[in-house]
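To start, the structure itself, in structure tokens.
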Amino acid sequence: MFDFQQIVPYIPFILNGVKVTLQVTLLAVVLGFIWGSILALIKISNVRILKWLAVAYTSVFRGTPLILQLTFVYFATPQIFGYNISKFEAAVLTFTLNSGAYISETIRAGIMAVDKGQWEAAKALGVPYRQMMIDIILPQALKNILPALVNETIALLKESALVSTIGLADIMQNANIVKGTIFRYFEPYLIAGALYYVMVMLLTWLAHGLERRLRRSD
């Protein structure tokens with residue numbers, strides 16, 4: 001019924017997809033965090049037009065399927081902008097734009113959850129707004145939203161499997177190639193699933209360690 005001997009020679013090939021999966025995920029998380037922070041600050045600003053645009057942007061990216069966003073960026077970019085975007089660029093750009101929308105709401109909620117007394121004390125001391133946000137408000141907000149950011153990273157790691165739909169050689173795509181080569185489904189997908197599971201567990205373990213360190217530093 002199962003023939004794992006047949007898939008053994010292809011395991012290194014599937015493992016090659018780990019690098020691409022991690023590259024897409026890590027780049028999208030870092031860039032998404034930066035973009036999400038900018039959006040969050042815009043949302044709590046008093047500039048109405050920018051605030052409205054940020055809210056509309058978030059609504060669009062949270063309200064449409066990620067796979068639609070990915071295929072749109074990859075296939076429509078050459079048509080609209082005349083730029084022949086690579087599969088890797090399309091994947092990172094799409095996940096950055098998507099995760100930025102979700103992260104912006106998380107950061108915004110974290111900022112608004114900071115005790116108002118912190119805001120009032122900083123203003124009373126004459127601390128400039130930019131310095132107040134960087135030195136006082138954001139560090140406290142990040143401690144509160146760390147679990148949510150970890151959850152977003154884990155979700156992004158798993159959703160990165162969607163890049164196989166545009167042919168990027170990640171774990172899922174390589175498993176699909178092996179499936180088509182040996183005409184067996186269970187074994188390659190089991191290997192792929194195990195790799196995703198191990199990466200998620202490692203990320204969760206690292207996050208718990210970071211949370212414990214942050215609690216001890218309080």
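Only one of Leu70, Leu22 is closer than 24 Å to Gln173 by Cα and surrounded by 20 or more Cβ atoms within 10 Å (Cβ to Cβ). Can you tell me which?
Leu70
All but one of (1) assigned to a helix (DSSP H, G or I); (2) under 30 Å from Asp3 (Cα atoms) hold for Arg184; state the number of the condition that does not hold.
Only one criterion in (1) assigned to a helix (DSSP H, G or I); (2) under 30 Å from Asp3 (Cα atoms) is unmet by Arg184, namely (1).
Is one or more of the residues making up segment 85-92 under 15 Å from Val150 (Cα atoms) and among the β-branched types (Val, Ile, Thr)?
no
Identify, by number, the condition in (1) within 30 Å of Asn174 (Cβ to Cβ); (2) over 12 Å from the mean Cα position of the chain (by Cα) that Ser37 doesn't meet.
Looking at each condition in turn, Ser37 falls short on (1).
Restricting attention to segment 193-215, does a residue exist that is touching a Gly at 6+ places or on another chain (Cβ under 7 Å) and either assigned to a helix (DSSP H, G or I) or over 29 Å from Arg62 (Cα atoms) (or both)?
No, segment 193-215 has no match at all.
Given the criteria within 30 Å of Arg212 (Cβ to Cβ) and either surrounded by 15 or more Cβ atoms within 10 Å (Cβ to Cβ) or modelled with pLDDT under 95 (or both), does Ile107 qualify?
Here the answer is yes, as Ile107 does meet what is asked.
Filter segment 110-165 for residues that are among the aliphatic types (A, V, I, L, M), closer than 30 Å to Val178 by Cα and surrounded by fewer than 16 Cβ atoms within 10 Å (Cβ to Cβ) and give the result.
Matches in segment 110-165: Ala155 only.
Would you point out which residue out of Ser59, Ser37 is assigned to a helix (DSSP H, G or I) and either modelled with pLDDT of 95 or more or in contact with a Cys (Cβ under 9 Å, 6 or more places away or on another chain) (or both)?
Ser59
In segment 40-59, what residues are more than 15 Å from the chain's Cα centre (by Cα) and touching a residue at least 12 places away in the same chain (Cβ under 8 Å)?
Result: Ala40, Leu41, Ile42, Lys43, Ile44, Ala54, Val55, Tyr57.
Only one residue in Glu159, Glu89, Glu152 is of a type outside the set (S, T, N, Q), within 19 Å of Gln23 (Cα to Cα) and modelled with pLDDT under 90, so which one is that?
Being of a type outside the set (S, T, N, Q), within 19 Å of Gln23 (Cα to Cα) and modelled with pLDDT under 90 holds for just one of Glu159, Glu89, Glu152, which is Glu152.
Out of the residues in segment 170-198 that are in contact with a helix residue (DSSP H, G or I) (Cβ under 6 Å, 6 or more places away or on another chain) and aliphatic (A, V, I, L, M), which is nearest to Asn144 (Cα to Cα)?
Once the filter is applied, the top-ranked residue is Leu195.
Test Glu120 against the stated conditions and say whether it is of a type in the set (D, E, K, R), within 18 Å of the chain's Cα centre (by Cα) and farther than 30 Å from Phe4 by Cα.
Here the answer is no, as Glu120 does not meet what is asked.
If a residue must be surrounded by 12 or more Cβ atoms within 10 Å (Cβ to Cβ) and either part of a helix (DSSP H, G or I) or at pLDDT 95 or above (or both), how many such residues does segment 40-56 contain?
Qualifying residue count, segment 40-56: 10.
Just checking, which of Arg212, Arg184 is modelled with pLDDT under 90, more than 18 Å from the chain's Cα centre (by Cα), surrounded by fewer than 12 Cβ atoms within 10 Å (Cβ to Cβ) and farther than 16 Å from Ala28 by Cβ?
Unique residue meeting the criteria: Arg212.
Can we say Ile111 is β-branched (Val, Ile, Thr), assigned to a helix (DSSP H, G or I), more than 25 Å from Leu27 (Cβ to Cβ) and touching a helix residue (DSSP H, G or I) at 6+ places or on another chain (Cβ under 6 Å)?
no
With without any contact (Cβ under 8 Å) to a residue 12 or more places away in the chain and β-branched (Val, Ile, Thr) as the only criterion, which of Ile67, Ile85, Ile107, Ile80 stands out?
Only one candidate passes the filter, namely Ile80.
The values are calculated or read from the model by the stated rules, or taken from the named source; none is laboratory data. Note that the coordinates shown come from a computational prediction; the quantities given were computed from them, not determined experimentally. Here the Cβ is made from the backbone with ideal geometry for all residues, glycine too, and neighbour counts use every protein chain on show.
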